[in-house]
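The values are calculated or read from the model by the stated rules, or taken from the named source; none is laboratory data. Quick caveat: nothing in here was measured; it's all calculated off a predicted structure. FYI the Cβ positions are ideal-geometry reconstructions off the backbone, even for glycines, and counts take in every protein chain you see. To get the accessible areas, we keep the full protein, side chains included, count just its heavy atoms, and leave off ligands, DNA and RNA. Shrake-Rupley method; radii C 1.70, N 1.55, O 1.52, S 1.80 Å.
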Amino acid sequence: KNEVEQSPQNLTAQEGEFITINCSYSVGISALHWLQQHPGGGIVSLFMLSSGKKKHGRLIATINIQEKHSSLHITASHPRDSAVYICAPMEYGNKLVFGAGTILRVKS
Amino acid sequence: KAGVTQTPRYLIKTRGQQVTLSCSPISGHRSVSWYQQTPGQGLQFLFEYFSETQRNKGNFPGRFSGRQFSNSRSEMNVSTLELGDSALYLCASSLGQVYNSPLHFGNGTRLTVT
C-alpha cells in the first residue's frame, strides 16, 4: 500500500467549477505540503500546513491530523489552474513523501 | 530576491559516467534538499543538508551522494550512471533552523542517460 494516496488521478473541469483534490497518508508527519507543477517541471509549494485550514486567494487547504487526511480546494477554477497538484506529507526531519499527483485540466 | 538556481538545466550523459549537479539556495537559506522525479516512480526524496551536514537520506543507493558548502550551495553527484537514472532532479531550499520552514524549489536539472 502506498504511503500517500491521492484522488482523483485525473480531473477535467469547466471554468468556474469548484474543485476538490483529496490526500490520505499513513506516515506520521510534522506538516504537509501541497505542490503545484506546471509543464516544464517547475514546482511551487502552495501550502504548508500542520493543522486546520489555510486560504490563499481561490485556494483552500485543510488537514485533519487525527484522520490523516488533507484536501485542496480550488474555487472558481480557471484555465491557468491547469497543472499537476501533488500532496507531500513531511515526515519528521524534513523528509517529504509524495503522492502520485492529480492532473487537473480546466477548460474554458 | 533571487530564487533557487539549479545548473545545468539539461544534461546528456552516457551509461557508466558520473555527473555533478549544482543548487544555489535563496540567500539566507541554510537547508537544501534534493529530489528525483521519474515517470515511473514519481517524486522521491534523495537527501537533505543543513549547515554542511546531511540531516536526512532517502532510499537510494550509495552511487547518489551530495554535499553542502559553507555558503549553503549544494551539489549532488551520481556515479556509474544507469539508464534508470534518467530523471528530473529538483532541489529545494528553506531557512531550515527549525523543521517545517516553507520550501522553495528550483526549476530542476533534466538528466538523460544514454
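Residue under question is A:S24, and the condition is that it be open to solvent by 20 Å² or more (accessible area, probe 1.4 Å), assigned to a strand (DSSP E or B), within 17 Å of A:A100 (Cα to Cα) and away from every other protein chain (no Cβ under 12 Å); does it hold? Steps first, please.
Values: open to solvent by 20 Å² or more (accessible area, probe 1.4 Å): yes; assigned to a strand (DSSP E or B): yes; within 17 Å of A:A100 (Cα to Cα): yes; away from every other protein chain (no Cβ under 12 Å): yes.
In short, yes.
Exactly one of (1) open to solvent by 10 Å² or more (accessible area, probe 1.4 Å); (2) free of Cβ contacts under 8 Å to residues at least 24 places away in the same chain is unmet by A:V84. Its number?
Single failed check for A:V84: (2).
What's the number of the condition A:A76 fails, among (1) part of a loop (DSSP other than H, G, I, E, B); (2) among the hydrophobic types (A, V, I, L, M, F, W, C); (3) within 14 Å of another protein chain (Cβ to nearest Cβ); (4) open to solvent by 50 Å² or more (accessible area, probe 1.4 Å)?
The number of the failed condition is (3).
Name the residues in the stretch B:18-52 that are of a type in the set (S, T, N, Q) and open to solvent by 80 Å² or more (accessible area, probe 1.4 Å), would you?
Scanning the stretch B:18-52 gives B:Q18, B:S27, B:Q41.
Please report, ordered by residue number, the strands (runs of 3 or more DSSP E) entirely within the stretch B:22-114 with at least 2 residues that are in contact with a His (Cβ under 9 Å, 6 or more places away or on another chain) and at positive phi.
none
Return yes when A:S71 is open to solvent by 30 Å² or more (accessible area, probe 1.4 Å) and either within 14 Å of chain B (Cβ to nearest Cβ) or among the small types (G, A, S) (or both) and no when it is not.
Here the answer is no, as A:S71 does not meet what is asked.
Does B:F64 meet the test of being of a type in the set (A, V, I, L, M, F, W, C), open to solvent by less than 80 Å² (accessible area, probe 1.4 Å) and facing chain A (nearest Cβ under 10 Å)?
Here the answer is no, as B:F64 does not meet what is asked.
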